[in-house]
Amino acid sequence: MTDKPEFSRPLAVRRIGSDGTDYTVEATEEECQRVARRLNLPEIAMLRCRYTLHDRGRGVVEAHGALAARFMQTCVVSLEVFEDMMAGSFVVRFVPAENFTDSDVPDLEAVDEIPYDGQDIDLGEAAVEQFALDLDPYPHAPDLVLPPGLIMDEDEAENLATQERQTKKANPFAGLARWKGGNA
């Protein structure tokens with residue numbers, strides 16, 4: 001038995017129809033709190049996804065989603081909590097579990113597939129999964145000023161790499177000296 005997702009909006013595949021349908025899901029305040037705990041966010045104020053769904057036959061449903069969220073994040077540098085917003089679109093394909101195959105070599109260009117059991121797809125959980133994928137893993141507060149030299153641009157990184165290559169060519173024992181504590 002699986003636990004019910006924090007934000008679940010099941011939809012019967014048979015309700016989609018041959019012409020497709022539009023469907024919007026929005027998390028309640030309580031669901032936002034549970035999703036925030038799951039994703040380790042201080043707060044989610046709003047999580048909404050508008051779907052355009054198309055029945056592709058044999059139980060396969062293609063979903064074009066427009067995701068919008070307003071939430072709080074913690075800056076990885078200053079540990080300051082700040083408000084952030086997200087808006088984006090995505091495409092996923094719901095596939096009956098018995099027809100789902102998980103490839104050993106992922107195709108980064110392919111549409112993501114979500115297996116489902118029974119007759120319902122879960123549009124709420126799909127929205128949460130996409131939101132989690134789109135979150136910045138290293139969020140920075142928008143007004144954060146980093147100390148100079150902490151982050152290099154491409155030119156600075158290339159210059160540093162060139163200097164290191166020249167140093168290695170100039171003294172082949174430099175690495176050994178560093179390894180032995182400078183006593184080579």
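The values are calculated or read from the model by the stated rules, or taken from the named source; none is laboratory data. Given the structure is predicted, the values throughout are model-derived calculations rather than measurements. When we count neighbours, we look across all protein chains shown, and the Cβ atoms used for this are built from the backbone with ideal geometry, even at glycine. The accessibility values were calculated without ligands, DNA or RNA, using every heavy atom of the protein model including side chains. Shrake-Rupley method; radii C 1.70, N 1.55, O 1.52, S 1.80 Å.
Laid out as a table, the results:
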| read-out | value |
| --- | --- |
| Unique residue being in contact with a Ser or Thr (Cβ under 9 Å, 6 or more places away or on another chain), farther than 17 Å from GLY124 by Cβ and either without any contact (Cβ under 8 Å) to a residue 24 or more places away in the chain or of a type in the set (A, V, I, L, M, F, W, C) (or both) when the list is VAL76, VAL81, VAL105 | VAL81 |
| Subset of the range 63-77 that is in a strand (DSSP E or B) and crowded, with 16+ Cβ neighbours inside 10 Å - its residue that is farthest from the chain's Cα centre (by Cα) | ALA63 |
| Members of the range 83-92 that are open to solvent by less than 60 Å² (accessible area, probe 1.4 Å) and either over 21 Å from ALA27 (Cα atoms) or among the small types (Gly, Ala, Ser) (or both) | GLY88 |
| Single condition HIS140 does not satisfy, out of (1) touching a residue at least 24 places away in the same chain (Cβ under 8 Å); (2) outside any strand (DSSP E or B); (3) open to solvent by 90 Å² or more (accessible area, probe 1.4 Å) | (3) |
| Residue that is loosely packed, with under 11 Cβ neighbours inside 10 Å and under 30 Å from ARG58 (Cα atoms), where the choices are GLU125, GLU109 | GLU109 |
| Scope the range 21-55; condition surrounded by fewer than 16 Cβ atoms within 10 Å (Cβ to Cβ) and part of a loop (DSSP other than H, G, I, E, B); matching residues | THR28, LEU39, ASN40, PRO42 |
| ARG14, sole failed condition from (1) within 18 Å of ASP112 (Cβ to Cβ); (2) surrounded by fewer than 16 Cβ atoms within 10 Å (Cβ to Cβ); (3) at pLDDT below 95 | (1) |
